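Some notes on the structure that comes next.
Values quoted throughout were computed directly from the atomic coordinates according to the rules given, and no laboratory measurement underlies them. What you see is a predicted model; the values in this text were computed from it and never measured. Virtual Cβ from ideal backbone geometry, glycine too; neighbours counted across all protein chains shown.
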Amino acid sequence: GEDVEQSLFLSVREGDSSVINCTYTDSSSTYLYWYKQEPGAGLQLLTYIFSNMDMKQDQRLTVLLNKKDKHLSLRIADTQTGDSAIYFCAEARGRGSTLGRLYFGRGTQLTVWP
Amino acid sequence: KAGVTQTPRYLIKTRGQQVTLSCSPISGHRSVSWYQQTPGQGLQFLFEYFSETQRNKGNFPGRFSGRQFSNSRSEMNVSTLELGDSALYLCASCLGTGGEQYFGPGTRLTVT
C-alpha cells in the first residue's frame, strides 16, 4: 500500500518495555523517523535511522529496522508515565531533493499506567 | 541553539478571509517544510522550500501557498479560508537534504 501503517493504541504498565511497530511503504526509503507528540504540542524528534543500519540505540530507545519486511520498531525500556503520548513513524522516500518530504503514519497512542 | 519557532501560536479567522503563518528555522538550516495536521487526515505535507525555491509540493489546492526568504524564514498563506482549513499547521527545518528534521510547536488555526 501507499500508507505508512501503525497500530493506533498501546497500553503498558510503568516500568515495562513498550514496543511500537510500523510498516513503511518504500523499500528504498533512505531515512526512517520516530516522533513524539504530547497534547497541544508539536512533534519532537526522538530518533531516526539511516537505511543502511539495522539497529540504533539511544539511552532507553532502541530502533530496529527490517528492510526486507519494511518494518520499523521503537522499543522504550523502563517506560514511564511521562512517555504517554502519540508516537509517529515517518519515512523519507527516494534520494536527494525528495528527502525533504516525510510520509507519516497515523500515530500510536501510548498510555502508561502507574 | 534556539529551536524552530512559529508565529502566531493561535489564530481564529472567519470563512473567506486569508491568513499568513510564519516559521523561523533553526539557525543554519536551509530547508523548511510545512504540514497540516487534522484528526481526520493526520499529518499531510504541504510544501518544502530550500534556498528560497519550492522543492517539493503536496496535494493541496492553490489557495495554499508559501515562500522562503533569504534568511531561510518561511511563510505560508491560505486564501479564501474554509471551515476545513481548521488544523494545526506545523513547520519543520533541516540542514539540507535528509537527516534530522525538527518541528516547531505549530500554529493552531480555527476557521469559523
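FRET efficiency for the B:Thr20 to A:Ser7 pair, using the beta carbon distance and R₀ = 35 Å, is estimated at 0.40. Averaged over peptide B:38-51, the number of partner chain Cβ atoms lying within 10 Å of each residue's Cβ comes to 3. Applying the Karplus relation 6.51 cos²θ - 1.76 cosθ + 1.60 with θ = phi - 60° to the stretch A:37-44 yields 3J(HN,Hα) values of 10, 9, x, x, 10, x, 9, 9 Hz, where x marks Gly and Pro.
Within the stretch A:1-89, the trypsin sites (Lys or Arg not before Pro) that combine a DSSP coil assignment with at most 11 other C-beta atoms in a 10 angstrom radius are A:Lys68.
Global size of the protein assembly as shown: 17.5, 51 Å for Rg and Dmax (C-alpha atoms, Rg to one decimal, Dmax whole). Take every DSSP beta bridge whose two residues both sit in the protein assembly as shown, then give the antiparallel share in percent to the nearest 5. Here the antiparallel bridges make up roughly 90 percent for the protein assembly as shown.
Amide H contacts for A:Asp16 (H built 1.01 Å from N in the peptide plane; partners 5 or more residues away or on another chain; cut-off under 5 Å): A:Thr79. Cys residues of chain B that find no other Cys beta carbon under 4.7 Å: B:Cys94. In order along the stretch A:86-91, the Karplus-derived 3J(HN,Hα) couplings, from 6.51 cos²θ - 1.76 cosθ + 1.60 at θ = phi - 60°, round to 9, 10, 10, 9, 8, 10 Hz, and Gly and Pro are given as x.
Based on the reciprocal of the average 1/r between different C-alpha atoms, the Kirkwood radius for the stretch A:56-109 equals 13.1 Å. Seen from all directions on average, the stretch B:33-86 presents a Cα convex hull projection of 3.8 nm². Evaluated at q = 0.18, 0.20, 0.23 Å⁻¹, a Debye calculation over the C-alpha positions of chain B (equal weights, vacuum) places log10 I(q)/I(0) at -0.83, -1.02, -1.32. Between the C-alpha center of the stretch B:53-112 and that of the stretch A:34-65 there is a gap of 23 Å. Set the Cα radius of gyration of the stretch A:29-89 against 2.2 N^0.38 Å, with N its number of residues, and you get 1.15. Diagonalising the gyration tensor over the Cα atoms of chain A and scaling each eigenvalue by 5 before taking the square root yields semi-axes of 24, 15, 12 Å, largest first.
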